[in-house]
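Taking it in order: structure first as structure tokens, then the write-up.
The values are calculated or read from the model by the stated rules, or taken from the named source; none is laboratory data. In this text the structure is predicted, and so the values were computed from the model without any measurement. So basically every Cβ, Gly included, is an ideal-geometry build from the backbone, and we count neighbours across all protein chains shown.
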Amino acid sequence: MTPLDYEFLRKFLKERSGLDLAADKQYLVESRLVPVARKAGLPGIAELVQKMKGPGAEALTTDVVEAMTTNETFFFRDKIPFEHLRDTILPALTQLRAGRRSLRIWSAACSTGQEPYSIAMCLKEKAAALAGWRIEIVATDLSQEVLEKSRAGIYSQFEVQRGLPIQLLVKYFNQIGELWQLNAKIRGMVHHRQFNLLQDFSNLGKFDVIFCRNVLIYFDQETKINIFERMAKTIEPDGMLVLGAAETVVGITDAFRPFPDKRGLYQPNLTRGGASLPLKVVAAR
Ligand SMILES: C[S@@+](CC[C@H](N)C(=O)[O-])C[C@H]1O[C@@H](n2cnc3c(N)ncnc32)[C@H](O)[C@@H]1O
């Protein structure tokens, strides 16, 4: 790949998906995009770049963006966020929302669905406390391909063996030959939507909880700050943000502050505007 083609692809991917590629990732781009070129009947990256620059290349550019996303995920990934959900977030929010009896949760880069469905199973396990509540889990991702798999809720034996406790497999999945499908009740709790985190959040509505895990690591500082600022406007003042194990707001933004003693859990920083902290949440810990 020529340096000019690489620069074109780097700039294109940064603009389209936020992906911040270092100067030395040509091998990664080649390994992901040579198959895209072949599928389009093109001999290599140079021809792919040429075609992307021309008219009518929307489908091809979408394939390029999708091929460059990393979709690695598994059920109950990293465990701790789901312990926070069960032991900290849900006890606090069931008190705070007792009046309106509704919860909206956003899985902001849901990949093939293991994250939103892990959230859904956690909530189902708390069915008694949430009886009669309106629960909505909104699962979004840039990639249509992963969303299709997530919508179907069908997983291989290998996928259900990664992180999913056997008792939840037995309770919430139906076996279809060698595959496993989440039951209709769990699937019905999750609403899917194609959404790019670089887009305006304002028509998503407000959320009580946002899971945004293992996607910000691919973005540069400026993009992260911008996303945190916009998330702070789309989360309830007493809502909670859950980040991935390698992600933090510390040293990046003061739009959120770490939740005391709970790694990976954050709340909107209300002191920023001079307002007081949501005391009930602190009391309910
Ligand atoms: C590594 S997966 C993380 C999945 C899940 N959150 C987890 O932690 O297991 C990252 C996901 O982010 C998605 N993604 C990448 N850039 C995005 C963007 N700009 N907007 C929305 N989703 C994006 C990818 O398509 C991919 O499915």
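Of all the listed residues (ALA98, ALA67), the sole one being small (Gly, Ala, Ser), away from the ligand (no atom under 14 Å from the Cβ) and surrounded by fewer than 21 Cβ atoms within 10 Å (Cβ to Cβ) is ALA98. Within the stretch 74-92, the set of residues being crowded, with 19+ Cβ neighbours inside 10 Å and more than 21 Å from the chain's Cα centre (by Cα) comprises ALA92 only.
For (1) of a type in the set (Val, Ile, Thr); (2) in contact with a Phe, Trp or Tyr (Cβ under 7 Å, 6 or more places away or on another chain); (3) surrounded by 20 or more Cβ atoms within 10 Å (Cβ to Cβ), each residue gets a yes or a no:
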| site | (1), (2), (3) |
| --- | --- |
| TYR172 | no, no, yes |
| ILE176 | yes, no, no |
| GLN181 | no, yes, no |
| LYS185 | no, no, no |
| VAL190 | yes, yes, yes |
| LEU197 | no, no, yes |
| SER202 | no, no, no |
| PHE207 | no, yes, yes |
| ARG213 | no, no, yes |
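Checking each residue in the stretch 113-149 for being in contact with a Phe, Trp or Tyr (Cβ under 8 Å, 6 or more places away or on another chain) and either away from the ligand (no atom under 16 Å from the Cβ) or part of a loop (DSSP other than H, G, I, E, B) (or both) picks out LYS124, LEU142. All conditions but one from (1) in contact (Cβ under 8 Å) with a residue 60 or more places away in the chain; (2) within 16 Å of the ligand (Cβ to nearest atom); (3) assigned to a helix (DSSP H, G or I) apply to CYS110; the one that does not is (3). In this entry, LEU42 is excluded by the filter for residues that are at pLDDT 95 or above, over 17 Å from the mean Cα position of the chain (by Cα), within 16 Å of the ligand (Cβ to nearest atom) and assigned to a loop (DSSP other than H, G, I, E, B). So which of PRO55, PRO91 ends up being more than 16 Å from the ligand (Cβ to nearest atom), in a helix (DSSP H, G or I) and not basic (Lys, Arg)? Result of the check over PRO55, PRO91: PRO91. Mind listing just one residue for me: the one in the stretch 150-162 that is surrounded by 15 or more Cβ atoms within 10 Å (Cβ to Cβ) and among the hydroxyl-bearing types (Ser, Thr, Tyr) and, of those, farthest from the ligand (Cβ to nearest atom)? That would be TYR155. The residue that is farthest from LYS206 (Cα to Cα), counting only those in the stretch 99-157 that are over 14 Å from the mean Cα position of the chain (by Cα) and of a type in the set (Phe, Trp, Tyr), is TYR155. When we screen LEU179, LEU216 for residues that are modelled with pLDDT of 95 or more and in contact with a helix residue (DSSP H, G or I) (Cβ under 6 Å, 6 or more places away or on another chain), the only hit is LEU216. Of all residues in the stretch 18-39, those that are out of contact with any Phe, Trp or Tyr (no Cβ under 8 Å at 6 or more places or on another chain) and not in a loop (DSSP other than H, G, I, E, B) total 12.
Considering the stretch 186-267, the qualifying strands (runs of 3 or more DSSP E), each wholly inside and each with 2 or more residues that are within 16 Å of the ligand (Cβ to nearest atom) and at negative phi, run over 190-194, 207-212, 235-243. For the stretch 38-48, state whether one or more residues are surrounded by fewer than 17 Cβ atoms within 10 Å (Cβ to Cβ), of a type in the set (Asp, Glu), in contact with a helix residue (DSSP H, G or I) (Cβ under 8 Å, 6 or more places away or on another chain) and more than 20 Å from ASN71 (Cβ to Cβ). Scanning the stretch 38-48, I find at least one residue that is surrounded by fewer than 17 Cβ atoms within 10 Å (Cβ to Cβ), of a type in the set (Asp, Glu), in contact with a helix residue (DSSP H, G or I) (Cβ under 8 Å, 6 or more places away or on another chain) and more than 20 Å from ASN71 (Cβ to Cβ), so the answer is yes.
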